[in-house]
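Have a look at the structure below before the remarks.
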Amino acid sequence: MKEFLKSLLASVLGTFLAGALCAFLLLVLIVAGLSSSGAGVPTVSVRPGTILLVGHGLVVNDTPAHGSPGLGSLLGEEVRPTVDLYRALAAFDLAAKDRNIVGVIIAGEIEAGVVQLGELRKAIADFRKETGKPVFAWIEHGDQAEYYLASVADQVWMHPAGELELKGLA
(Lines give C-alpha, C1' and ligand atoms only; values in the text may rest on other atoms or scores of the structure.)
Protein backbone atom coordinates (compact mmCIF):
# COMPACT_ATOMS: atom_id res chain seq x y z
CA MET A 1 0.00 0.00 0.00
CA LYS A 2 2.89 2.29 0.78
CA GLU A 3 4.27 1.83 -2.75
CA PHE A 4 0.87 2.58 -4.25
CA LEU A 5 0.56 5.90 -2.40
CA LYS A 6 4.12 6.77 -3.32
CA SER A 7 3.50 6.22 -7.06
CA LEU A 8 0.12 8.01 -6.85
CA LEU A 9 1.75 11.04 -5.21
CA ALA A 10 4.54 11.03 -7.82
CA SER A 11 1.98 10.89 -10.65
CA VAL A 12 -0.08 13.73 -9.18
CA LEU A 13 3.03 15.85 -8.58
CA GLY A 14 4.31 15.17 -12.12
CA THR A 15 0.95 16.08 -13.64
CA PHE A 16 0.79 19.26 -11.57
CA LEU A 17 4.34 20.30 -12.58
CA ALA A 18 3.63 19.58 -16.27
CA GLY A 19 0.43 21.65 -16.09
CA ALA A 20 2.24 24.53 -14.35
CA LEU A 21 4.99 24.46 -17.01
CA CYS A 22 2.41 24.49 -19.83
CA ALA A 23 0.54 27.39 -18.18
CA PHE A 24 3.80 29.34 -17.81
CA LEU A 25 4.71 28.76 -21.47
CA LEU A 26 1.21 29.80 -22.56
CA LEU A 27 1.51 32.99 -20.49
CA VAL A 28 4.89 33.77 -22.07
CA LEU A 29 3.42 33.27 -25.57
CA ILE A 30 0.45 35.53 -24.80
CA VAL A 31 2.67 38.30 -23.43
CA ALA A 32 5.04 38.03 -26.40
CA GLY A 33 2.12 38.14 -28.86
CA LEU A 34 0.57 41.18 -27.22
CA SER A 35 3.84 43.06 -27.03
CA SER A 36 4.68 42.42 -30.68
CA SER A 37 1.22 43.29 -32.00
CA GLY A 38 0.87 46.43 -29.90
CA ALA A 39 4.23 47.89 -30.83
CA GLY A 40 2.60 51.32 -30.84
CA VAL A 41 1.85 53.78 -33.57
CA PRO A 42 4.37 53.61 -36.38
CA THR A 43 6.40 56.78 -36.63
CA VAL A 44 6.43 58.69 -39.88
CA SER A 45 9.24 61.01 -40.78
CA VAL A 46 8.36 63.90 -43.06
CA ARG A 47 11.19 65.46 -45.05
CA PRO A 48 11.47 69.24 -45.29
CA GLY A 49 9.67 70.66 -48.32
CA THR A 50 7.01 67.92 -48.41
CA ILE A 51 3.66 68.65 -50.04
CA LEU A 52 0.59 66.82 -48.74
CA LEU A 53 -1.21 65.07 -51.62
CA VAL A 54 -4.96 64.60 -51.35
CA GLY A 55 -6.76 62.44 -53.88
CA HIS A 56 -5.60 59.89 -56.46
CA GLY A 57 -8.38 57.43 -55.80
CA LEU A 58 -8.67 57.99 -52.06
CA VAL A 59 -11.80 56.53 -50.47
CA VAL A 60 -13.10 58.44 -47.44
CA ASN A 61 -15.50 56.49 -45.19
CA ASP A 62 -17.54 57.64 -42.21
CA THR A 63 -16.06 54.96 -39.97
CA PRO A 64 -12.93 52.80 -39.99
CA ALA A 65 -13.14 49.53 -41.91
CA HIS A 66 -13.87 46.51 -39.74
CA GLY A 67 -13.48 42.83 -40.41
CA SER A 68 -11.93 41.04 -43.31
CA PRO A 69 -12.01 42.19 -46.93
CA GLY A 70 -15.13 41.30 -48.87
CA LEU A 71 -15.67 39.02 -51.82
CA GLY A 72 -14.54 41.75 -54.21
CA SER A 73 -10.94 41.34 -53.08
CA LEU A 74 -11.06 37.67 -54.08
CA LEU A 75 -12.51 38.50 -57.48
CA GLY A 76 -9.70 40.91 -58.33
CA GLU A 77 -11.44 44.16 -57.46
CA GLU A 78 -9.10 47.12 -57.41
CA VAL A 79 -7.81 47.90 -53.93
CA ARG A 80 -7.89 51.63 -53.27
CA PRO A 81 -6.41 53.57 -50.36
CA THR A 82 -9.07 54.01 -47.70
CA VAL A 83 -9.21 56.31 -44.70
CA ASP A 84 -11.96 57.22 -42.29
CA LEU A 85 -13.08 60.84 -42.06
CA TYR A 86 -11.75 61.37 -38.54
CA ARG A 87 -8.21 60.35 -39.54
CA ALA A 88 -8.36 62.44 -42.72
CA LEU A 89 -9.32 65.53 -40.72
CA ALA A 90 -6.64 64.75 -38.11
CA ALA A 91 -4.06 64.55 -40.92
CA PHE A 92 -4.80 68.16 -41.86
CA ASP A 93 -4.44 69.24 -38.23
CA LEU A 94 -1.08 67.47 -38.02
CA ALA A 95 0.01 68.93 -41.36
CA ALA A 96 -0.82 72.43 -40.13
CA LYS A 97 1.52 71.92 -37.14
CA ASP A 98 4.30 70.27 -39.16
CA ARG A 99 6.95 72.72 -40.37
CA ASN A 100 8.19 70.24 -42.98
CA ILE A 101 4.89 70.33 -44.92
CA VAL A 102 4.92 73.37 -47.19
CA GLY A 103 1.52 73.03 -48.87
CA VAL A 104 -1.30 70.84 -50.15
CA ILE A 105 -2.09 69.55 -53.63
CA ILE A 106 -5.58 68.27 -54.39
CA ALA A 107 -5.32 65.98 -57.41
CA GLY A 108 -7.38 63.12 -58.73
CA GLU A 109 -10.59 61.47 -57.73
CA ILE A 110 -11.76 61.26 -54.13
CA GLU A 111 -14.58 58.83 -53.44
CA ALA A 112 -16.56 60.47 -50.66
CA GLY A 113 -20.06 61.62 -49.94
CA VAL A 114 -21.23 65.21 -49.93
CA VAL A 115 -20.85 65.54 -46.16
CA GLN A 116 -17.34 64.07 -46.18
CA LEU A 117 -16.32 66.40 -49.02
CA GLY A 118 -17.72 69.36 -47.09
CA GLU A 119 -15.73 68.40 -43.99
CA LEU A 120 -12.56 67.89 -46.05
CA ARG A 121 -13.08 71.24 -47.78
CA LYS A 122 -13.52 72.96 -44.40
CA ALA A 123 -10.36 71.29 -43.06
CA ILE A 124 -8.36 72.42 -46.09
CA ALA A 125 -9.72 75.95 -45.75
CA ASP A 126 -8.78 75.99 -42.05
CA PHE A 127 -5.32 74.65 -42.95
CA ARG A 128 -4.87 77.45 -45.48
CA LYS A 129 -6.15 80.16 -43.13
CA GLU A 130 -4.13 79.05 -40.07
CA THR A 131 -0.81 78.38 -41.79
CA GLY A 132 -0.76 80.61 -44.86
CA LYS A 133 0.68 77.65 -46.77
CA PRO A 134 -0.44 77.36 -50.40
CA VAL A 135 -3.11 74.93 -51.57
CA PHE A 136 -3.18 73.92 -55.23
CA ALA A 137 -5.65 71.79 -57.17
CA TRP A 138 -5.12 69.78 -60.37
CA ILE A 139 -8.06 68.51 -62.43
CA GLU A 140 -7.83 66.20 -65.43
CA HIS A 141 -11.29 64.66 -65.79
CA GLY A 142 -13.27 66.04 -62.91
CA ASP A 143 -16.86 66.21 -61.83
CA GLN A 144 -18.79 68.49 -59.49
CA ALA A 145 -17.47 66.82 -56.35
CA GLU A 146 -13.85 67.19 -57.44
CA TYR A 147 -14.41 70.81 -58.46
CA TYR A 148 -16.15 71.55 -55.16
CA LEU A 149 -13.13 70.32 -53.23
CA ALA A 150 -10.74 72.12 -55.60
CA SER A 151 -12.60 75.42 -55.19
CA VAL A 152 -10.95 76.00 -51.79
CA ALA A 153 -7.47 76.08 -53.38
CA ASP A 154 -5.39 79.17 -54.05
CA GLN A 155 -4.99 78.07 -57.67
CA VAL A 156 -6.89 75.49 -59.71
CA TRP A 157 -5.05 74.02 -62.69
CA MET A 158 -6.61 71.90 -65.38
CA HIS A 159 -5.05 69.71 -68.03
CA PRO A 160 -5.39 71.35 -71.48
CA ALA A 161 -7.13 68.26 -72.82
CA GLY A 162 -9.06 67.69 -69.60
CA GLU A 163 -12.74 68.04 -68.99
CA LEU A 164 -15.00 69.12 -66.18
CA GLU A 165 -18.42 67.53 -65.98
CA LEU A 166 -20.91 69.88 -64.36
CA LYS A 167 -24.45 68.58 -64.14
CA GLY A 168 -27.31 70.97 -63.73
CA LEU A 169 -31.04 70.74 -63.38
CA ALA A 170 -32.97 69.95 -66.54
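A compact table of results
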quantity	calculated
The range 79-105, residues that are among the acidic types (D, E) and open to solvent by less than 30 Å² (accessible area, probe 1.4 Å)	D84
Among (1) at pLDDT below 90; (2) open to solvent by less than 40 Å² (accessible area, probe 1.4 Å); (3) out of contact with any strand residue (DSSP E or B) (no Cβ under 9 Å at 6 or more places or on another chain), the one test that G108 misses	(3)
Qualifying residue in the range 18-33 (condition: modelled with pLDDT of 85 or more, open to solvent by 100 Å² or more (accessible area, probe 1.4 Å) and closer than 30 Å to P81 by Cβ)	no
Single condition A125 does not satisfy, out of (1) within 21 Å of L164 (Cα to Cα); (2) surrounded by fewer than 21 Cβ atoms within 10 Å (Cβ to Cβ)	(1)
Yes/no for D98 being in contact (Cβ under 8 Å) with a residue 24 or more places away in the chain, farther than 16 Å from L53 by Cβ and among the acidic types (D, E)	no
Residue among E130, E109 that alone is in contact (Cβ under 8 Å) with a residue 40 or more places away in the chain and in contact with a helix residue (DSSP H, G or I) (Cβ under 8 Å, 6 or more places away or on another chain)	E109
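The values are calculated or read from the model by the stated rules, or taken from the named source; none is laboratory data. From a predicted model like this one, the values you see are computed outputs, not experimental measurements. Ideal geometry is used to build each Cβ from the backbone, glycine not excepted, and the neighbour counts take in all protein chains shown. Protein only, heavy atoms only, side chains kept; ligands, DNA and RNA dropped before computing areas. Shrake-Rupley method; radii C 1.70, N 1.55, O 1.52, S 1.80 Å.
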